[in-house]
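Bear in mind these aren't lab numbers, they're just calculated from the coordinates by the rules spelled out. Quantities reported herein were computed from a predicted structural model and do not represent experimental measurements. Cβ placement follows ideal geometry from the backbone for every residue including glycine, while neighbour counts extend to all protein chains displayed.
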Amino acid sequence: MRVLIISDIHSNLAALEAVLQDALKAGGYEAVWCLGDLVGYGPNPNECIELISTLPNLNCLMGNHDKAALDPSSLVVFNNDARAALTWTTSVLLPPAHSFLQTLAEITHAGQFTLVHGSPRQPIWEYVLDRSIAREVFPVLETPYCLVGHTHVPVVYQSYNAEPECQVIAADYAQPFPLHKAGGRFILNPGSVGQPRDNDADAAYALLDTDTEIWQFRRTAYDIALTQNRMRAVGLSPRLIARLPFGW
Ligand code: ZN
């Protein structure tokens with residue numbers, strides 16, 4: 001099965017639409033695994049949720065921004081810009097979008113894959129930011145592969161079963177990554193559709209063939225100015241608007 005892997009869309013409809021088009025050009029997909037943070041930061045929460053909810057064989061997880069949009073008591077942990085964007089999101093979220101967010105799971109398993117926004121230890125909140133955190137997460141894994149989002153940085157961590165150590169593998173957009181051939185266990189992050197934070201402004205995502213166990217990182221340009229104009233029109237923070245072209 002060919003699976004489109006998306007995460008951290010953050011209400012950026014232009015980026016989401018570009019990713020869906022690019023994935024079709026790359027051969028299409030039969031299922032979609034979305035690793036959470038559909039909303040927050042961006043200008044189109046309702047439109048993004050509506051579009052995602054129509055995607056085929058969808059397996060969609062809850063992110064920290066989705067959780068905060070449903071439960072304002074968790075807003076205290078966010079910085080000022082993120083909190084203001086979430087407060088705005090909550091004020092415009094339509095009942096169908098609100099109901100959809102309420103259906104999202106915190107952690108799921110799909111065959112060999114664990115799907116989660118943050119980490120298997122703390123599904124909503126923990127960032128798998130570096131090798132030392134990944135090393136602690138591997139022993140908790142119940143499947144060979146774990147897909148995470150949350151950091152907005154595409155990356156692979158690989159661990160061999162007998163070893164507590166793990167290695168970091170940078171995203172390679174030119175080469176498919178055959179998981180079964182590489183061996184061991186993996187934590188894989190596709191990066192962020194709507195707010196990349198690896199100094200590359202293009203929307204990030206991945207395609208996964210679950211039969212051949214081949215993972216492919218992908219990037220696609222989108223109309224950043226369109227998203228920025230939409231953000232200005234609804235009064236979102238200038239800092240959030242300014243960061244998009246920097247991929248940060
Ligand atoms: Zn996020």
Dipole size in debye (nearest 20) for region 62-177 around its Cα centre, Lys and Arg Cβ +1, Asp and Glu Cβ -1?
-> 200
Cβ under 12 Å from Ala171's Cβ, Ala171 left aside: what net charge do those residues give with Lys, Arg +1 and Asp, Glu -1?
-> -2
Residues with amide H under 5 Å of Tyr222's amide H, sequence separation 5 or more or different chain, H placed in the peptide plane at 1.01 Å from N; which?
-> Ala203
Alpha carbon centre of region 200-248 versus region 113-168: separation in Å?
-> 22
Given charges at beta-carbon only (K, R positive; D, E negative), |dipole| of the chain in Debye | 400
Neighbourhood charge, 12 Å Cβ-Cβ cut-off, centred on Thr220 and excluding it, Lys, Arg +1 and Asp, Glu -1 = -2
Based on the alpha-carbon gyration tensor of region 41-147 and its eigenvalue square roots a ≥ b ≥ c, which shape applies: rounded if a/c is under 1.5, prolate if not and a/b is larger than b/c, or oblate?
-> oblate
Taking the Cβ of each residue in Leu188, Leu240, Leu16, Leu70 as the centre, tally the other Cβ atoms inside 10 Å and list the residues starting with the fewest.
-> Leu70, Leu240, Leu188, Leu16
Could you rank the peptides 87-99, 210-222 by their average count of other C-beta atoms within 10 Å per residue, with the highest value first?
-> 210-222, 87-99
Mind listing the Cα extents of region 145-248 along all three principal axes, in Å, largest one first?
-> 53, 26, 18
Top mean-square fluctuation among Leu115, Leu75, Leu35, Gaussian network model of the chain, C-alpha springs under 10 Å?
-> Leu75
What is the diffusion coefficient of the chain in µm²/s, taking the Kirkwood radius over Cα pairs and the Stokes-Einstein relation at 10 °C with a viscosity of 1.306 mPa s?
-> 89
With unit charges on the beta carbon (Lys/Arg positive, Asp/Glu negative), name the residue among Asn44, Leu129, Met62 whose Cα is farthest towards the positive pole of the charge dipole of the chain.
-> Asn44
What is the gain in length, in nm to one decimal, between Lys25 and Trp125 on full extension, counting 0.36 nm per residue of separation less the C-alpha to C-alpha distance?
-> 32.6 nm
Length-normalised contact order of region 1-48 in % [C-alpha pairs under 8 Å, at least 6 apart] | 57
